[in-house]
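Heads up: the structure comes next, in structure tokens.
A short reminder: the numbers here are calculations on the coordinates, not readings from a lab. Being a predicted model, the structure only gives us computed values, none of them experimental. Cβ coordinates were reconstructed from backbone atoms using ideal geometry, including for glycine residues, and neighbour counts include every protein chain displayed.
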Amino acid sequence: MTPEPVTPEPVISEPAPVTLPEKRTVDVVTVTPNPAIDWTVTVPGFAAGAVNRATGERSQPAGKGVNVAAALAGYGQGVAATGFLGRDNAAAFEAFFAARRIGDAFVRVDGPTRTGIKIVDPDRQETTDVNFPGAMVSGDHLDALRERVKALAARGNRWFVLAGSLPPGADASLYAVLTRSITAAGCRVVVDTSGDALHQALDAAPSIVKPNVHELEALAGRALPSTADVADAARALLERGVELAAVSMGAEGALFVTREAIVHARPPAVEVGSTVGAGDAMVAGIVAARLAGLDLAATARLATAFSVAALTRKEPGAPSRAEIEAIAERVGIDPVG
Ligand SMILES: Nc1ncnc2c1ncn2[C@@H]1O[C@H](COP(=O)(O)OP(=O)(O)OP(=O)(O)O)[C@@H](O)[C@H]1O
Ligand SMILES: [Mg+2]
């Protein structure tokens, strides 16, 4: 099979500065190899196998690293985003990045970026997801992404967030390979993915990982019914070179585990709109906390506030710094062990 041609694009060492506001330098680069457009359809009383009536719809560029970039940009951080974008519907992403001052460093590929369907039932407060695997990427595309990440890491002293699933055609070692190249250039890596991609990424010792408890159970190969079980499994990740393992547990909050200490961050009682993307917002909050040089408890507090701000938000768009900081004061922090 001949590899798909990749339109020659200059490998940029910096995203176009026009997309970043004045005085913002790029502190964070998010990598989303398999983004999606989320097509959210509101269907009160949705029933499978029946005729349903939609009362609303919304289409929004997404994918974990795109969500992380949007949350960080909303907080005021300088962010660029890379990964693969299908040329056919790139315009929606381009408008999204421009509106949020996110530097666009995506590698363009032929065809469209996949669309995922989210059916929201406001009556039962349930969301039904229909996800597509995404378009196949070629060896040339993967080479272009590796080169781009290398170029973006060349300045050193940046955070990289590698997030979400891998597209068909990408080997499960992709995040491990990228982590090694980023770390070698003097930048730091957060990985938020699952399954084999996460398993292999750990061999490259990213600085931070944020599995949810289900992803950690899959990794550990056992159920983790108690907080002590979760803490044990998270400590095993530290032995592999991770500095901070944040394990999110939905409404139960999250454990933030380092070699020195463990804290349990508990979200305040809130009215939850949709929990979609709460984990992505938490990843953004962890990076914002690291950039601010916060200690473990303050990191846990800010990261939890990012996630709660995302899941209580009524309007579209990322929460502001002021909204997040107001929530942070209401996060409970308990030392563990
Ligand atoms: N129902 C909820 N009530 C209050 N807080 C919540 C709820 N769900 C999630 N959170 C907050 O969001 C954080 C991350 O949520 P969760 O563990 O669901 O992440 P995730 O499974 O990685 O989500 P994602 O779908 O974004 O990948 C939690 O640690 C908690 O602070
Ligand atoms: Mg998650």
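Spatially, segment 291-337 and segment 117-186 are offset by 25 Å when compared through their Cα centroids. Loop-located trypsin sites (Lys or Arg not before Pro) in segment 105-156 (DSSP state other than H, G, I, E, B) with a sparse environment of at most 12 neighbouring Cβ atoms within 10 Å: R124.
First check a/c for the chain, with a ≥ b ≥ c the square roots of the eigenvalues of its C-alpha gyration tensor; if it is under 1.5, answer rounded, and if not, answer prolate when a/b is larger than b/c or oblate otherwise. Present the calculation step by step, with values, prior to reporting the outcome.
Values: a/c = 1.37, a/b = 1.09, b/c = 1.25.
Here the chain falls in the rounded category.
The H on the amide N of G86, modeled in the peptide plane, is under 5 Å from the matching H of V109, T113, each at least 5 residues off or on a different chain. For segment 201-295, applying the loop criterion from DSSP together with a ceiling of 10 other beta carbons within 10 Å to the GluC sites (Glu not before Pro) yields E239, E260, E271.
If a/c stays under 1.5 just call it rounded; otherwise compare a/b with b/c (prolate if a/b is bigger, oblate if not). Do that for segment 215-307, with a ≥ b ≥ c from the square roots of the Cα gyration tensor eigenvalues.
oblate
Note that segment 265-273 has calculated 3J(HN,Hα) couplings of 9, 10, x, x, 5, 9, 8, 8, x Hz, one per residue in order, obtained from phi through the Karplus relation 6.51 cos²θ - 1.76 cosθ + 1.60 (θ = phi - 60°); glycine and proline are x.
Of the residues A70, A47, A36, the one that moves most in a GNM of the chain with alpha-carbon contacts below 10 Å is A47. Sorting 56-63, 162-169, 125-132, 38-45 by average packing, meaning the other beta carbons within 10 Å per residue, from highest down gives 162-169, 56-63, 38-45, 125-132.
Does anything in segment 78-121 have its amide N under 14 Å from the 7 Å Cα→Cβ label point of D129, and if so which residues? From segment 78-121, the list is 115-120.
Can you tell me how segment 162-216 classifies by the Cα gyration tensor, rounded, prolate or oblate, using a/c under 1.5 as the rounded cut? Judged from the Cα gyration tensor, segment 162-216 comes out oblate (a/c at least 1.5, b/c at or above a/b). Residue separation of A154 and A91 scaled by 0.36 nm, minus their Cα-Cα distance, works out to 19.9 nm of gained length. Listed values for segment 217-224 are Karplus-derived 3J(HN,Hα) couplings in whole Hz (6.51 cos²θ - 1.76 cosθ + 1.60, θ = phi - 60°), namely 4, 4, 5, 6, x, 7, 6, 10, and x replaces Gly and Pro.
Fully extending the segment from R313 to V270 would add 14.4 nm, taking 0.36 nm per residue of separation and subtracting the current Cα-Cα distance.
A simple rule links phi to the HN-Hα coupling: the Karplus curve 6.51 cos²θ - 1.76 cosθ + 1.60 with θ = phi - 60°, which for segment 202-207 gives 5, 5, 9, 6, x, 5 Hz, with x for Gly and Pro.
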